[in-house]
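A quick write-up on the structure given underneath.
Only the coordinates and a few stated rules stand behind these numbers; no lab work does. Everything numeric in this text was worked out from a predicted model, so none of it was measured. Here the Cβ positions follow ideal geometry from the backbone for every residue, glycine too, while neighbour counts run over all protein chains shown.
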Amino acid sequence: MRNAVLLPMAGVRKAEDFAAWHLAEAFKSQVFALLKSSPEAMRDRPFRYQLKDSAAGISKHITEGFYRLSPLDFCRFLDYALGSLREAERWIYDGIESGYFKKEDCRRAWWFGKRCFTATLRLKHSQQRYAEELKRADRSRPRNKKKDDKNQVPRTRRTRRTD
């Protein structure tokens with residue numbers, strides 16, 4: 001199961017091959033453009049850092065999860081990416097309420113955010129299905145045990161052979 005995450009996705013060799021990753025990068029670019037367009041937001045360091053970190057975290061989580069090479073680990077990191085996306089969207093709303101951004105200026109970022117959310121969620125669901133397929137295949141695989149193996153004590157690092 002070491003390379004399991006690569007098997008069902010023909011042609012995917014790196015995290016950047018996913019549409020979800022590209023949409024996360026586009027969302028991040030829109031957020032950074034929003035920040036640059038607002039001197040007030042740029043002066044508010046805690047706000048700026050939180051918004052930048054949450055927007056940048058989306059594609060980072062997708063990448064880190066992909067390179068764990070496990071469908072279930074990948075799902076966990078896709079959850080983190082979805083959380084970062086929702087956090088960044090919340091910070092944008094806070095920026096509007098604080099007078100840093102105009103609602104019209106945020107529409108493009110929200111559009112990319114919505115598409116990124118859908119793509120990431122679908123990717124997560126595909127990995128969950130794939131993990132279930134692996135589990136079913138592993139359970140149905142016949143075990144090649146010898147009849148004599150039933151009476152033997154399993155060897156571990158600490159068990160020494162006495163024969």
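Just want to confirm a number: the relative contact order over region 19-139, from Cα pairs under 8 angstrom separated by 6+ residues, in percent. Display every interim value, and only then the final one.
Working: 128 pairs, mean separation 41.8, N = 121.
Reported relative contact order: 35 percent.
Could you tally up the Lys pairs in region 19-139 with alpha carbons closer than 28 Å? Skip any pair fewer than 8 positions apart unless they're on separate chains.
Going through region 19-139 pair by pair, I get 26.
What distance in nm lies between label points placed 7 Å from Cα along the C-beta direction at LYS102 and ASP79?
4.1
Expressed in nm to one decimal, what extension gain is obtained for the pair LYS14 and MET42 from 0.36 nm per residue of sequence separation less their Cα-Cα distance?
Numbers: separation 28, 0.36 × 28 = 10.08 nm, distance 3.35 nm.
Here the answer is 6.7 nm.
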